[in-house]
């Protein structure tokens, strides 16, 4: 993959994220689940990231710390993930110059570009059924 695309995606992600980097969570500490492990209490979160993006690392750390199950899809280490991310942005109608990472897909319904804790928590509440 051309380095200019990776750099552009990472630079764009900086424009969408205003929170400071909280730290480094080792990859072994990240919670990764399979699509079949989705439950009503734990909606599936898929996060598209760059392996070198500090905002992506912050988002993954937040998900891990808060025990929110997720699948991490690094677009710079897997061409298929990059292709899927491009298709998602195409379906959202996001112009190429405004695309970035992280992109979170919550419950296959809500797509959030950039990392914002409050928006993420609100989206999780929206897709999580209320107890009966």
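All of the numbers you see were taken from the coordinates with simple rules; none came from a lab. Only a predicted model underlies this, so the values are computations on that prediction, with no experimental measurement involved. Here the Cβ positions follow ideal geometry from the backbone for every residue, glycine too, while neighbour counts run over all protein chains shown.
Observations on the model:
- Shape annotation for the range 49-132: C-alpha extents along the principal axes are 41, 26, 20 Å, from largest to smallest.
- Compared with the direct C-alpha span, the chain from residue 97 to residue 118 gains 5.1 nm at full extension, assuming 0.36 nm per residue.
- If R0 equals 22 Å, the separation of the Cβ atoms of residue 80 and residue 51 corresponds to a calculated FRET efficiency of about 0.90.
- Annotation: extensible slack from residue 65 through residue 126 equals 19.9 nm (criterion: 0.36 nm per residue apart, minus Cα-Cα distance).
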